[in-house]
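Trainee: Just passing along the structure, written as structure tokens.
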Amino acid sequence: MRSATLGQIPGLPQEFGNDFARELFRRGNFARHFELKVKEAYDKKIFSIPIYLSLGSEFNSAALSLSFPDCLIFGQHRCHSLYLNYGGKPEELRDELLGLPSGCSGGMSGSNAIQGRDIKMFGHSGLMGEQIPIAVGAALASSKRTLAICGDASVEEDYIYPSLGFTATRKLPVLFVCEDNDLSILTKTEVRRNWSPVDVARSLGIPAVDITDDPWLIAHHTKQMSKNLPGFINIRTVRVLWHAGVGTDGLPEWDRYEWIRGQLAYLGLGNEMEAMDRENKGKTDLLWEKQLQKR
Amino acid sequence: MGKTTAETIKEITRNHLEKGNGLLLGQCVTAVGWIGGTVPDCTGIVEIPMTDIAAPGFAVGCALMGRRPIFVIRYQGFMWYNCSSLVNYAAKSKAVWGVPVPIFIRSIGMEGNGIGHTASSSIHSIFMHSPGMPVAAPMTPGEYKNVWDHFMKNDDPIYVSEHRRSFTIDREMEDEFVEDADITVFAISASRLNLLEAKEILKTNGVKLNIVHSLWLKPFQPSERALESLKKSKMGLVIDSDYEITGASRSIAYELMHQTGKPVHALGLEDRVCGVAPHLENITPPAEKIIRSIQSLLSQKK
């Protein structure tokens, strides 16, 4: 079931058009460069806190931010890209990781509980999956579109099933997204359970799909589900670096970034893509220049 | 006769739901007795599914959206599984993210009547342990209004340790001070009612006591008069409807000792599991036990 092509629909990049592709790449690529700088800073021992990088899944939230904008956002750890793609200020995320008062939570939350008040992204307490009922409560109270993101481990938490059920009962405008990298720290999904959250969601009456992390595919389903929320998307994605820290367990199962680059080249956006890549790298170099020069 | 505490709760709630854009969330709140007649039949009531894990998260989400929800737990003992999002998110959010999460947590204590070892008793002490959440135990209509006004004027979540025995109370309970008191007793929740019963018998036995009705458990800020009265009496005692060991009674006794230099003792639930049969229950110290305890403490002092 788990694969780089699960559920893919041919021709979606062309259908979405070049403007979408440009913006998708601009956002996801910036988040990627930001994370690479965090890794560099981590390697230089600049941080004194645990760091949870989103490298490998940065285009998931880039696609969501384009296809599901103007929403309340509830994530958990590994959400740097979610924050950045939805327009969170990179300076404030950098400062949060550095524990500075100018951080997006004044240094109180660190990497795993970030918030972005300007983008309506709410913090996370550290209890995995707790953001899901909180998101549901926010949707209930406000009737606003709400994005509730968890991982394939936290989707197993006790919070989830009743939250899905309550959302279905009340027909709340919530888009649930499970970023499924098949790992709970290092324990594979098949060791932990024999059921699928997609089946659970469907059994409760929530439309659900199980797809790979093709950002056009994510955008396609998000747009479809947005017409009649709630919805549930399980995204098979890849964790490039460890659960916490910057180590690796070898080559990732697939390289979505290179595949996306190929799609942009196919759309005739190769030169623009390279220019954006240079620009984003320049921006993040500048952003981290002072901190990295100190070491 | 004035309004009862239950009627007061109902009136406050109706006003909040109908005019204040508030919400009330709870399980089975509109069933049978509408929680002792404290829940009005009006808009804004959200019957939530039977989830003690996710439900507090729903309330947190509502609070984040500015709806100042009332979150009702029918048996305070069920707070053991309801507490995680209240303690870890609602109480901490303002400090961590600068985002207040004002929830009025109605946690209703019951005891006796064979309700068993989990549903029975009050457990406000564990919430006093958490930063970011004031704890109160109102018993009278006026005290309930006091706590509600505090909630509406501030932005913290509040843990309101109610007791079913308060619902029929229709009067206020004033502190009582006497000259040359032997002991100053600070009473919490339903123990206040038992203390008033005990008082009459103690008086006939020649014991002079000051009575301080303690509404706010955290922050605990006794009046100057209460502290002065304790200083003038031989000793103090804190009685409570929660467990004594590591509980509110001992914690407050400790604070009072440091503030006054007087010995202050504690009396709460025994450190044993409550049973269903009447002779196995573990409830708020009854009047007889309070009497025995005070007489014993005073005799040791002599």
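Trainee: Which of the residues belonging to the stretch A:65-91 are part of a helix (DSSP H, G or I) and in contact with a strand residue (DSSP E or B) (Cβ under 8 Å, 6 or more places away or on another chain)?
Mentor: Once the filter is applied, which keeps residues that are part of a helix (DSSP H, G or I) and in contact with a strand residue (DSSP E or B) (Cβ under 8 Å, 6 or more places away or on another chain), the stretch A:65-91 yields A:LEU82, A:TYR83.
Trainee: Can you name the residue in the stretch A:222-241 that is without any contact (Cβ under 8 Å) to a residue 60 or more places away in the chain and surrounded by fewer than 19 Cβ atoms within 10 Å (Cβ to Cβ) and is also nearest to A:LEU204 (Cα to Cα) among such residues?
Mentor: Among those that are without any contact (Cβ under 8 Å) to a residue 60 or more places away in the chain and surrounded by fewer than 19 Cβ atoms within 10 Å (Cβ to Cβ), it is A:ASN228.
Trainee: Please verify whether A:PHE122 is in contact with a His (Cβ under 8 Å, 6 or more places away or on another chain) and not polar (S, T, N, Q), treating the condition exactly as stated. Talk me through it step by step, then tell me what you get.
Mentor: On the way: in contact with a His (Cβ under 8 Å, 6 or more places away or on another chain): no; not polar (S, T, N, Q): yes.
No.
Trainee: Which pairs have Cβ atoms under 7 Å, sit 6 or more apart or on different chains, and link a residue in the stretch B:216-229 that is aliphatic (A, V, I, L, M) to one that is surrounded by fewer than 20 Cβ atoms within 10 Å (Cβ to Cβ)?
Mentor: Matching pairs, first to second residue: B:ALA226/B:ASP175; B:LEU227/B:GLN259.
Trainee: Now, a different point. Looking only at residues in the stretch B:63-72 that are crowded, with 23+ Cβ neighbours inside 10 Å, in contact (Cβ under 8 Å) with a residue 40 or more places away in the chain and not aromatic (Phe, Trp, Tyr), which one is farthest from the other protein chains (Cβ to nearest Cβ)?
Mentor: Among those residues, the one meeting the criterion is B:VAL72.
Trainee: Also, quick follow-up: If you go through the stretch B:101-114 one residue at a time, do you hit one that is closer than 15 Å to B:GLY26 by Cβ, of a type outside the set (A, V, I, L, M, F, W, C), more than 9 Å from chain A (Cβ to nearest Cβ) and buried (at least 23 other Cβ atoms within 10 Å of the Cβ)?
Mentor: The answer is yes, given that some residue of the stretch B:101-114 is closer than 15 Å to B:GLY26 by Cβ, of a type outside the set (A, V, I, L, M, F, W, C), more than 9 Å from chain A (Cβ to nearest Cβ) and buried (at least 23 other Cβ atoms within 10 Å of the Cβ).
Trainee: Can you tell me how many residues within the stretch B:89-123 are under 26 Å from B:ALA277 (Cβ atoms) and not small (Gly, Ala, Ser)?
Mentor: Residues in the stretch B:89-123 being under 26 Å from B:ALA277 (Cβ atoms) and not small (Gly, Ala, Ser): 8 in total.
Trainee: Related question: Among the numbered criteria (1) surrounded by fewer than 17 Cβ atoms within 10 Å (Cβ to Cβ); (2) modelled with pLDDT of 95 or more, which one does A:ILE49 miss?
Mentor: For A:ILE49, the failing item is (2).
Trainee: How many residues are out of contact with any Leu (no Cβ under 7 Å at 6 or more places or on another chain), closer than 18 Å to A:LEU241 by Cβ and not in a helix (DSSP H, G or I) if we restrict to the stretch A:16-45?
Mentor: Total meeting the criteria: 1.
Trainee: Related question: Might you let me know whether the stretch B:41-57 holds any residue that is acidic (Asp, Glu) and within 12 Å of chain A (Cβ to nearest Cβ)? Please lay out each step first, then the result.
Mentor: From the stretch B:41-57, those acidic (Asp, Glu) are B:41, B:47, B:52; that's our starting set.
From the residues that got through so far, the ones that are within 12 Å of chain A (Cβ to nearest Cβ) too are B:47, B:52.
Checked the stretch B:41-57: at least one residue is acidic (Asp, Glu) and within 12 Å of chain A (Cβ to nearest Cβ).
Trainee: Moving on. Looking at (1) surrounded by fewer than 24 Cβ atoms within 10 Å (Cβ to Cβ); (2) part of a strand (DSSP E or B), find the lone condition where B:SER241 falls short.
Mentor: Unmet for B:SER241, out of (1) surrounded by fewer than 24 Cβ atoms within 10 Å (Cβ to Cβ); (2) part of a strand (DSSP E or B): (1).
Trainee: Can we say A:ALA244 is crowded, with 23+ Cβ neighbours inside 10 Å and touching a residue at least 12 places away in the same chain (Cβ under 8 Å)? Step through it out loud before you land on a result.
Mentor: Numbers: crowded, with 23+ Cβ neighbours inside 10 Å: no; touching a residue at least 12 places away in the same chain (Cβ under 8 Å): yes.
Here the answer is no, as A:ALA244 does not meet what is asked.
Trainee: Residues in the stretch A:104-115: is at least one touching a Ser or Thr at 6+ places or on another chain (Cβ under 7 Å) and β-branched (Val, Ile, Thr)?
Mentor: The answer is yes; a qualifying residue exists.
Trainee: So, one more: One residue is enough: does the stretch A:231-239 have a residue meeting the conditions within 30 Å of A:VAL38 (Cβ to Cβ), part of a strand (DSSP E or B) and polar (S, T, N, Q)?
Mentor: Yes.
Trainee: Is there any pair linking a residue in the stretch A:42-54 that is more than 18 Å from A:ASN181 (Cα to Cα) to one that is among the β-branched types (Val, Ile, Thr), with Cβ under 7 Å and at least six apart or on different chains, and which?
Mentor: These pairs meet every condition: A:TYR42/A:ILE51; A:TYR42/A:VAL246; A:ASP43/A:VAL246.
Trainee: If you go through the stretch B:137-154 one residue at a time, do you hit one that is more than 25 Å from B:LYS3 (Cα to Cα) and in contact (Cβ under 8 Å) with a residue 40 or more places away in the chain?
Mentor: Yes: one or more hits.
Trainee: Answer yes if at least one residue in the stretch A:119-131 is buried (at least 24 other Cβ atoms within 10 Å of the Cβ), closer than 21 Å to A:ASP285 by Cα and either touching a residue at least 60 places away in the same chain (Cβ under 8 Å) or not polar (S, T, N, Q) (or both), and no otherwise.
Mentor: There is no residue in the stretch A:119-131 that is buried (at least 24 other Cβ atoms within 10 Å of the Cβ), closer than 21 Å to A:ASP285 by Cα and either touching a residue at least 60 places away in the same chain (Cβ under 8 Å) or not polar (S, T, N, Q) (or both).
Trainee: In addition: List, please: which pairs have Cβ atoms under 7 Å, are six or more places apart or on different chains, and start with a residue in the stretch A:251-271 that is more than 18 Å from A:LEU36 (Cβ to Cβ) and end with one that is among the basic types (Lys, Arg)?
Mentor: From residues that are more than 18 Å from A:LEU36 (Cβ to Cβ), the pairs are A:LEU269/A:ARG22.
Trainee: Name the residue that is surrounded by the fewest Cβ atoms within 10 Å (Cβ to Cβ), counting only residues in the stretch B:195-215 that are farther than 26 Å from B:TYR159 by Cα and touching a residue at least 60 places away in the same chain (Cβ under 8 Å).
Mentor: B:ASN205
Trainee: Here's a follow-up. Take the residues in the stretch A:93-106 that are farther than 23 Å from A:VAL177 by Cβ, in a loop (DSSP other than H, G, I, E, B) and in contact with a Gly (Cβ under 9 Å, 6 or more places away or on another chain); name whichever of them is farthest from the other protein chains (Cβ to nearest Cβ).
Mentor: Checked the stretch A:93-106; the qualifying residue farthest from the other protein chains (Cβ to nearest Cβ) is A:LEU98.
The values are calculated or read from the model by the stated rules, or taken from the named source; none is laboratory data. Just so we're clear, the structure is a prediction, and the values are computed from it rather than from any experiment. Ideal geometry is used to build each Cβ from the backbone, glycine not excepted, and the neighbour counts take in all protein chains shown.
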